[in-house]
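Read through the structure below, which is laid out as C-alpha cells, and then see the notes.
The values are calculated or read from the model by the stated rules, or taken from the named source; none is laboratory data. Just so you know, these numbers come straight off a predicted model, no measurement behind them. In this analysis, Cβ positions are derived from the backbone assuming ideal geometry, glycine residues included, and neighbour counts consider all displayed protein chains. Heavy atoms of the whole protein, side chains included, go into the accessibility calculation; ligands, DNA and RNA do not. Shrake-Rupley method; radii C 1.70, N 1.55, O 1.52, S 1.80 Å.
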Amino acid sequence: MGNANNQAGRSASKQARLDVDGLSWGPRPGQHIIANMSLTVAAGERLAIIGPNGAGKSTLLRCLYRAVRPARGSVRLDGIDLWSISPREVAKRIAVVLQETPADFPFSVRDVVMMGRIPHRKGLSRWSERDHDLTAMALDELELRHLSRRQFSCLSGGEKQRVLIARAVVQEPEIIILDEPTNHLDIRHQLEILALLKGLGPTIVMTLHDINLAADFATKVAIIQSGRIAGHGSPQEALTAQRISAAFDVTACAHRVVDAEPSRFTFSLI
Ligand code: ADP
Ligand code: MG
C-alpha cells in the first residue's frame, strides 16, 4: 500500500513529541483509575500500550487526546500542556481512531474520510479544493478508491479500520492515537494495518492486545497493570517474561530468535 506520488499535495508530515508526567485520572476526586503515570514518546516514535482488560489503557488514551482532564499531572504536546491549547487546535494536531464508529448513519466511505478535514475548515465554508485533493489521496493511499461510494456501515472490519485511518491521515496530524486498531481483524489484516501505520509519518500511540505484534511494530512499549506503568522502554527493554507474567497473570515464556531482536512469547495458565 502507499505510493510516493500520493504524498504530493500533503504537507510534509509533522511529528510531535508527547510527555506524560505524573498523570492520574479517576471519575471522582481521590478515586484514581490510572495513577502517577510518566512516559515520553519522541517525535516519530510508535508507542504500543499493552496490558490486561481493565488495566486503564483506554483511560490513559483519553487523557492523551484531551477527552478528560487529568486529576493530577500533565500531558504535554511538544512541551505545551494540552489543556492550554484550544480543543480545535488539539483536533488539528492529534487524530484519534477509536472502536466506536458511526454505524447508524448513511455516510459514504468518502464522507467519513472527508470528516478528517473538519478541524481545518473555516467556519461553515464549503470544502476547499485541498480538502478534496487530500481526501482523494488518502483514498488512493489506503486502497479505498473502489469503495469510496459505498456505505461505511456495510464494510468489513478491516475495510472500516482502513477508512478510519484514512480519515486520520487527511487530518494531517502530528500524532495518531488508536485504541486497539487490530481488534476483530484476522492476522493478515492485523499485519496490514500495522504495516500501514508504520509507513505513515506521524507519531503513533496505540493500544494493542497482541504482545508479539507490539514487539514487531512498536519502537516503544508501555505495560499497564492496575492503572500503573509496570514497564516502559524499547520492546527489548520493556518486554520481559517476568513483567508480562505478572501483568497478565499467566506464565509467559520468552524465545529470542535473533539476538538483536525483541523476544517472542508463548503463554500458558499458571
Ligand atoms: P482498558 O482499556 O485497559 O481495558 P479502561 O481504561 O477502559 O481499561 O478501564 C479501566 C478501569 O476503569 C475499568 O475497570 C473501567 O471499568 C473503569 N472506568 C473507566 N472509565 C470509567 C468511568 N468514567 N467511570 C468509572 N469507571 C471507569
Ligand atoms: Mg480499552
At 0.36 nm per residue, and after removing the present C-alpha to C-alpha distance, how many nm does the segment from Ser125 to Gln31 gain when stretched out fully?
29.5 nm
Extension length gain for Ile118 and Phe267 (0.36 nm per residue less Cα distance), in nm, is 49.2 nm
Taking every eigenvalue of the Cα gyration tensor of the range 93-161, multiplying by 5 and rooting it, what semi-axes result, largest first, whole Å?
20, 14, 12
Amide H neighbours of Arg264 under 5 Å, counting only residues 5+ apart in sequence or on other chains, H built in-plane at 1.01 Å?
His255, Arg256, Val257
Going 7 Å from the Cα of Thr240 along its beta-carbon direction, which residues of the range 195-219 have the amide nitrogen within less than 18 Å of the resulting point?
215
Ignoring ligands, DNA and RNA, please state the percent of accessible area on the chain from carbon and sulfur, probe 1.4 Å.
49
Among the lysines, which have Cα under 22 Å from the Cα of Lys122 when same-chain residues fewer than 8 positions away are ignored?
Lys14, Lys92
Angstrom value of the Kirkwood radius, inverse mean 1/r, which spans all Cα pairs in the range 17-176:
17.2
Local net charge near Gln225, Cβ-Cβ under 11 Å (Lys/Arg +1, Asp/Glu -1)
+2
How long are the three semi-axes of the equivalent ellipsoid for the chain, computed from the Cα gyration tensor as the root of 5 times each eigenvalue, in whole Å, largest first?
31, 23, 17
With Cβ to Cβ distances under 10 Å as the rule, what net charge do the other residues near Ala95 carry (K, R +1; D, E -1)?
+1
Helix-only mean residue ellipticity at 222 nm for the chain, each DSSP H run of n ≥ 4 adding -39500 (n - 2.57), per residue, nearest 500
-8500 deg cm²/dmol
Percentage relative contact order, the range 4-269, counting C-alpha pairs under 8 Å, at least six apart
25
